[in-house]
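Please read the structure below before turning to the comments.
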Amino acid sequence: LILLCDLCSCPAVLRLFPRRLAFATRFHPLALFDRLQEAGLLPPELPPLGSVGVTAVQAALSLTAGPVLLAGLDFSYPGGRTHARGAPSHRRALGGCSRLLPMGMSGFEALAARPRLRVAGKGGRKCASDLVLRSYALQLRALAAGSGRLYDLGPEGLETGARVLDSAGELESLLAAGPWPPAQLPRPFRPQPGEVRAFLKREVELLREAEGELQGALARGGGTAAGLK
């Protein structure tokens, strides 16, 4: 497998995939992105779409001129199980449990802040979703309308705008029409170790300057900078 990873992806996950390609999403106007770009170390960019699933679809559409198949992007969930076991939100919920706040209560409170919806899904069936997930489904429908190359293998969930493949025969016919040429790929991103080390050295210097300014401000204000260490 080749892992497509954002610059802020979890390092523990990255170590599991020797083969990986990096991209960047400017999810916030951080000066760090500008410094990386000036140094020639900013990977190819994808728009910040908020959802990992929608971002994966955008990446797939950028990598190939052929059809893109969707599986599991239903934007719906049973009960309170919004994330898979081991996901950051699940581990955070487990870590926050106590005798007075048992497992499930924090998730319940989070879900209560995101009102659940019963909306029409594929085939007119009602699905449990919420405002956030429905917004992701609308983003995906916009991608589907703009590409015309999305096909959905899942029979349940919210409408994705992709054409639903109802049988194995339809899938076989679609795949038999290939192979398809790859899309025009972005520039190769192969930063040299020396360039990365030089950039990190400059970042450390910036952090030291910021620390010195904070210590000076605290000293002038009569406070203490011991906690900055």
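The values are calculated or read from the model by the stated rules, or taken from the named source; none is laboratory data. All figures in this text were calculated on a predicted structure; none of them were measured in a lab. We place every Cβ from the backbone using ideal geometry, glycine too, and count neighbours over all the protein chains shown. Just so you know, the surface numbers come from the protein's heavy atoms only, side chains and all, with ligands and any DNA or RNA stripped out. Shrake-Rupley method; radii C 1.70, N 1.55, O 1.52, S 1.80 Å.
Of all the residues in the range 79-93, those that are modelled with pLDDT under 75 and either in contact with a strand residue (DSSP E or B) (Cβ under 7 Å, 6 or more places away or on another chain) or surrounded by 10 or more Cβ atoms within 10 Å (Cβ to Cβ) (or both) number 9. So which residues in the range 44-60 are open to solvent by 40 Å² or more (accessible area, probe 1.4 Å) and among the small types (Gly, Ala, Ser), if there are any at all? Residues satisfying the conditions are 50, 56. For the range 63-76, residues that are small (Gly, Ala, Ser) and surrounded by 16 or more Cβ atoms within 10 Å (Cβ to Cβ) total 2.
From the list 128, 168, the one residue that fits, being loosely packed, with under 12 Cβ neighbours inside 10 Å and either modelled with pLDDT under 90 or in contact with a Phe, Trp or Tyr (Cβ under 9 Å, 6 or more places away or on another chain) (or both), is 168.
If you go through the range 27-36 one residue at a time, do you hit one that is open to solvent by less than 60 Å² (accessible area, probe 1.4 Å) and within 26 Å of residue 121 (Cα to Cα)? Talk me through it step by step, then tell me what you get.
Taking the range 27-36 and keeping what is open to solvent by less than 60 Å² (accessible area, probe 1.4 Å), we get 31, 33, 36.
Now narrow it down to the ones that are within 26 Å of residue 121 (Cα to Cα): none.
No, every residue in the range 27-36 fails to be open to solvent by less than 60 Å² (accessible area, probe 1.4 Å) and within 26 Å of residue 121 (Cα to Cα).
In the condition set (1) farther than 14 Å from residue 68 by Cβ; (2) surrounded by fewer than 18 Cβ atoms within 10 Å (Cβ to Cβ), residue 175 is compliant with all but (1). Across the range 137-153, the qualifying residues are those that are closer than 13 Å to residue 51 by Cβ and touching a Gly at 6+ places or on another chain (Cβ under 7 Å), and the one among them that is surrounded by the fewest Cβ atoms within 10 Å (Cβ to Cβ) is 141.
Among the residues of the range 113-128, at least one is in contact with a Gly (Cβ under 7 Å, 6 or more places away or on another chain) and either basic (Lys, Arg) or part of a helix (DSSP H, G or I) (or both).
Is it the case that some residue within the range 103-113 is over 20 Å from residue 161 (Cβ atoms), modelled with pLDDT under 80 and in contact with an Asp or Glu (Cβ under 8 Å, 6 or more places away or on another chain)?
Among the residues of the range 103-113, at least one is over 20 Å from residue 161 (Cβ atoms), modelled with pLDDT under 80 and in contact with an Asp or Glu (Cβ under 8 Å, 6 or more places away or on another chain), which makes the answer yes.
The set of residues in the range 144-170 that are in a helix (DSSP H, G or I) and touching a residue at least 24 places away in the same chain (Cβ under 8 Å) contains only 147.
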